[in-house]
Amino acid sequence: MHWFLSSGSPRWSLGTLIAVLLTVPTALQAEQAFDYQMPAIDPETASSVEEKPGWSTERFAVAAANPLATDAGYQVLKAGGTAIDAAVAVQMVLTLVEPQSSGIGGGAFLMHYDGEEVVAYGGRETAPGSVDETLFLDEEGEPLDFMTAVASGLSVGVPGTLRMLERAHDEHGQLPWAELFTPAIRLAEEGFAVSPRLHASLAEEERLRDDPLAGVFYYTEDGEALPVGHELQNPALGAILRDIAEQGSSALHTGAIAEDLVFRVQNHPERPGALTLEDLASYAAQVRDPLCTEWRSYRVCGFPPPSSGHLTIMQMLGMLEQLPVLDSPLANDLPSAEWLHRFLEAARLAFADRNKYIADPEYVEAPGGDWATMLAPGYLELRAERIGEESLGSGSAEPGNPGALDTAWGIQPTQPEAGTSHISIIDEHGNALAMTTTIEQGFGARIMADGGTGMPGGYLLNNELTDFSFTPEDEAGNPIANRVEAGKRPRSSMSPTLVFDRDSGDLVASLGSPGGAAIIHYTAKTLVAMLDWGLDAQAALELPHAVTLGGPVFLETGGFPAATREALSARGHEVSERELVSGLQALQVTEEGLYGGADPRREGVVRGE
């Protein structure tokens, strides 16, 4: 199969991409519910920032971070599948074509709306049953170097994505489970062209080359990353997906595939992990009540802890709502310095609360016994009073006291978070979802598993346990809420979000982003841009980013004029520029149907009819 028409590193314009994809034949045949059609060419775009047009559809739409994954979801929707059906197909293709970000070796959070009810499906990884709070401490009791811990068996949590999708499909799927694996299986077996982003990620990565399977699969004999356009087959993953298609998620959690996964973790050459067959077999996806918060004229629904996303986002937006209205939050179509100052100060305060209180609710209590105390208007009004004309400064924002606690928690030090992918889907049956999915760092634990097939390729294992606090207590001896404990789910920043009209209850939007802890800022700013400033999804996603986790402020490189940077510095912010590569996807309901946006910083597209 030859998807590229010339040698070298092909680049397709977005117009060409859309034209090609629209000519892909897709049909609902009488004898088969879903007849997947291989795309005529590989539809990858460049890995650098590329203008996206925004997409209007009438009946359904799917937005994902890779055009091949988007196309798989589109074909499922076109065949009459539900949003959940499409999400299964999209995730399986992402496992193959975007292995650095998500896959069957990781976890996910999924917000689902069936036209009446919103449900939060949890597929967050869990810590093995034999670990404790010393997991990431060395022989002297000091925290391990972060990347040493990441690229090891220690960091691998029990994966949950498949169990979660299977449970959601049992309740909301329409097409047969097995058929939803067809796109990924065929692409794995027949091959797909390495995209610019995958090539760039492989080229920048150092530790993946050390893995005995991944090093020979993704790199040449000279140690060079596979070039853009290289036709890559992954027979091991194809075989694994065939087993999962036939046997369900149990194929990953028991039997030969599970045995291979455990072997890879326990036999890591430098730092083996403790994950066992019993850990895999006992994993269960969770169904939780969503957190839905009134803001402006909307009802914003997000994932509860162990995700910190919704709580932190809505704390930020709630604090901003308490402040006097700005004459104009925009200056020359960009967020103004005054609005950015407020946004960043709200982030400082919200992250201070996040770092103290939020963790797996099966292991920690909510302040006052209810997470809603952190979003109470009276509490946010008190927090907003701390936002003045000058910045609080790096590291100076203290957590508040939203409610009584039996335990005096310590404050978790800031640790790196990265990776992840987001999917938004609205189908013609009245269902909608927002799903954020991850293996944590780029390429996870840098461990590839082939399911015991002995074939080239496979899938990557997560390093999700490094989302726990490496230090179990603060200097005063207070336990940190997000410390490592057996069976616990690490705190996350993933923020899959569904928005509804507060009065009518009608669906308004589905959105989310990858980006580690900055997911919170990316999603919060997009909500403001779409719902408060009236920008369409594509325009909102194109706005430059500004981030602080409580310390320095990072502005997206080249995103803001020098005057904005100077104005923030004058207010006491420690400002610098850096690449802030989000991967936002957003779908919004319009009078004409649907409108979708894809982040220009990544390869995602929207498809629908």
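The values are calculated or read from the model by the stated rules, or taken from the named source; none is laboratory data. A quick note: this is a predicted structure, and the numbers were derived from the prediction, not measured. Reconstructed Cβ throughout: ideal geometry from the backbone, glycine too, with neighbour counts over all protein chains shown.
Details
- Selected residue (criterion: surrounded by the fewest Cβ atoms within 10 Å (Cβ to Cβ)) from residues of the stretch 463-483 that are over 22 Å from the mean Cα position of the chain (by Cα) and acidic (Asp, Glu): GLU475
- Residue list for the stretch 182-224, filter: buried (at least 23 other Cβ atoms within 10 Å of the Cβ) and aromatic (Phe, Trp, Tyr): PHE192, TYR218
- Residue check, LEU68 surrounded by 24 or more Cβ atoms within 10 Å (Cβ to Cβ) and more than 26 Å from GLU179 (Cβ to Cβ): no
- The set of residues from the stretch 366-395 being assigned to a loop (DSSP other than H, G, I, E, B), of a type outside the set (A, V, I, L, M, F, W, C) and surrounded by 18 or more Cβ atoms within 10 Å (Cβ to Cβ) comprises just one member, SER391.
- ARG271 being surrounded by fewer than 21 Cβ atoms within 10 Å (Cβ to Cβ), of a type in the set (D, E, K, R) and closer than 30 Å to PRO399 by Cβ: no
- LEU511 among the hydrophobic types (A, V, I, L, M, F, W, C), part of a strand (DSSP E or B), within 21 Å of LEU311 (Cα to Cα) and in contact with a helix residue (DSSP H, G or I) (Cβ under 7 Å, 6 or more places away or on another chain): yes
- Selection status of GLY153, in contact with a Lys or Arg (Cβ under 9 Å, 6 or more places away or on another chain), closer than 17 Å to PRO99 by Cα and among the small types (Gly, Ala, Ser): no
- The set of residues from the stretch 378-404 being under 15 Å from LEU311 (Cα atoms) and touching a residue at least 60 places away in the same chain (Cβ under 8 Å) comprises LEU380, ARG383.
- Residues that are within 13 Å of MET92 (Cβ to Cβ) and not aliphatic (A, V, I, L, M), drawn from the stretch 232-268: ASN234, GLY238, ARG242, ASP243, SER249
- Applying the condition of being over 15 Å from the mean Cα position of the chain (by Cα), touching a residue at least 60 places away in the same chain (Cβ under 8 Å) and assigned to a strand (DSSP E or B) to the stretch 572-589 and asking which residue is surrounded by the fewest Cβ atoms within 10 Å (Cβ to Cβ) yields VAL589.
- Tally of residues being within 18 Å of the chain's Cα centre (by Cα), assigned to a loop (DSSP other than H, G, I, E, B) and among the small types (Gly, Ala, Ser) across the stretch 424-462: 3
- Any pair with Cβ under 8 angstrom, 6 or more apart, that starts in the stretch 535-549 at a residue that is surrounded by fewer than 20 Cβ atoms within 10 Å (Cβ to Cβ) and ends at one that is among the acidic types (Asp, Glu): PRO544/GLU556
- Residue match in the stretch 590-609 (condition: crowded, with 21+ Cβ neighbours inside 10 Å and polar (S, T, N, Q)): no
- A search for C-beta distances below 7 Å between a residue of the stretch 517-528 that is closer than 11 Å to THR548 by Cα and any residue that is assigned to a helix (DSSP H, G or I) and hydrophobic (A, V, I, L, M, F, W, C), counting only pairs 6+ apart in sequence or on different chains, returns ILE520/ILE313; HIS521/ALA347.
- When LYS525, LYS488 are checked against the criterion of being over 30 Å from GLY393 (Cα atoms), at pLDDT 95 or above, among the charged types (D, E, K, R) and crowded, with 20+ Cβ neighbours inside 10 Å, LYS488 stands alone in meeting it.
- Picking from residues in the stretch 553-585 that are at pLDDT 95 or above and among the basic types (Lys, Arg), the one that is farthest from ALA63 (Cα to Cα) is ARG571.
- Sole residue being within 24 Å of ALA434 (Cβ to Cβ) and modelled with pLDDT of 95 or more, chosen from GLY129, GLY160: GLY160
- When the residues of the stretch 274-318 are filtered to those that are crowded, with 17+ Cβ neighbours inside 10 Å and of a type in the set (Gly, Ala, Ser), the one that is nearest to LEU208 (Cα to Cα) is ALA274.
Yes or no, residue by residue, for (1) surrounded by fewer than 24 Cβ atoms within 10 Å (Cβ to Cβ); (2) among the acidic types (Asp, Glu); (3) closer than 26 Å to SER513 by Cβ:
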position: ALA79; (1), (2), (3): yes, no, no
position: GLY106; (1), (2), (3): no, no, yes
position: TYR121; (1), (2), (3): no, no, yes
position: ARG124; (1), (2), (3): no, no, yes
position: GLU142; (1), (2), (3): yes, yes, no
position: PHE146; (1), (2), (3): yes, no, yes
position: THR161; (1), (2), (3): no, no, yes
